[in-house]
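The values are calculated or read from the model by the stated rules, or taken from the named source; none is laboratory data. Note that the structure is predicted; figures quoted are calculated from it, not measured. All Cβ positions, glycine included, derive from the backbone under ideal geometry; neighbour counts span all protein chains shown. All accessible areas refer to the heavy atoms of the entire protein, side chains included, with ligands and DNA or RNA removed. Shrake-Rupley method; radii C 1.70, N 1.55, O 1.52, S 1.80 Å.
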Amino acid sequence: MNKIFVCSDFHFYHDRDFLYEPRGFLSVEEMNQELIRRYNEVVDEGDIVYILGDLGLNATGHEICELVARLKGRKYLALGNHDTDARIKAYKESELFEAVDYGFRLNYKKKTFWLTHYPTIVANYDDKPNYNIHGHTHDTNHFHEEWPHCFDVSPETNDCYPMDLDDIVNLIRSKV
């Protein structure tokens with residue numbers, strides 16, 4: 001049975017040590033290769049993967065797509081703040097993604113999820129709240145204390161692995 005994964009903020013080619021060193025890498029090249037390896041370690045070809053923005057920096061969209069082409073699964077891309085118009089055009093032309101948009105709404109296990117790059121408060125009532133799965137913050141915790149319905153999948157929260165949506169649902173159930 002195929003799984004659903006969520007991840008964000010690869011920042012391929014982002015050659016700043018303040019990004020790759022806290023992730024445990026000695027160089028941007030090591031980070032790029034290890035992100036791909038860890039992703040492919042858990043994702044299979046038939047799995048669905050929502051990537052929540054910021055695929056890369058300091059590279060063209062075509063260069064970033066060369067790395068994305070090595071990632072398994074059926075990929076959906078929610079755009080982030082580093083996804084420029086030129087990169088977005090390359091992502092759409094690449095046909096690597098099932099869809100490229102600013103976010104996705106997903107109903108799963110009787111919960112409604114909004115998958116976006118930015119954290120967004122989406123809970124509109126207490127008896128059946130919506131949940132936001134996001135990236136962007138590069139936080140080391142999945143939950144923001146003041147926003148228990150927001151779940152962070154930045155690489156720093158999960159040792160640079162994509163997260164299985166079933167695991168996210170279980171963590172949300174234990175928190176909320």
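Scanning the range 132-151 for residues that are part of a loop (DSSP other than H, G, I, E, B) and touching a residue at least 60 places away in the same chain (Cβ under 8 Å), which turns out farthest from Leu106 (Cα to Cα)?
His138
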Check the range 86-102 and report whether any residue there is more than 21 Å from Ser154 (Cα to Cα), in a strand (DSSP E or B) and in contact (Cβ under 8 Å) with a residue 12 or more places away in the chain.
yes
Among (1) farther than 15 Å from Val6 by Cβ; (2) β-branched (Val, Ile, Thr); (3) out of contact with any Lys or Arg (no Cβ under 7 Å at 6 or more places or on another chain), which single condition is Val100 missing?
(3)
For the list (1) open to solvent by less than 30 Å² (accessible area, probe 1.4 Å); (2) under 17 Å from the mean Cα position of the chain (by Cα); (3) small (Gly, Ala, Ser), I need the number of the one condition that Ala90 fails.
(2)
Matching option when the condition is open to solvent by 30 Å² or more (accessible area, probe 1.4 Å) and either assigned to a strand (DSSP E or B) or of a type in the set (A, V, I, L, M, F, W, C) (or both), among Asn107, Asn58, Asn81:
Asn107
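From Asp83, Asp152, grab the single residue that is modelled with pLDDT of 95 or more, within 15 Å of the chain's Cα centre (by Cα) and among the acidic types (Asp, Glu). Please lay out each step first, then the result.
Numbers: Asp83 fails: modelled with pLDDT of 95 or more.
Only one candidate passes the filter, namely Asp152.
Pick from the range 44-55 the residues that are part of a strand (DSSP E or B) and out of contact with any Ser or Thr (no Cβ under 7 Å at 6 or more places or on another chain): which of them is most open to solvent (accessible area, probe 1.4 Å)?
Of everything passing the filter in the range 44-55, Ile48 is most open to solvent (accessible area, probe 1.4 Å).
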Residues satisfying the stated conditions in the range 1-37, i.e. over 25 Å from Leu165 (Cβ atoms), open to solvent by 80 Å² or more (accessible area, probe 1.4 Å) and either modelled with pLDDT of 95 or more or part of a loop (DSSP other than H, G, I, E, B) (or both)
Arg16, Glu21, Pro22, Leu26, Glu29, Gln33
Please pick out the residue among Glu63, Glu41 that is open to solvent by 10 Å² or more (accessible area, probe 1.4 Å), under 19 Å from Asp167 (Cβ atoms) and not in a loop (DSSP other than H, G, I, E, B).
Glu41
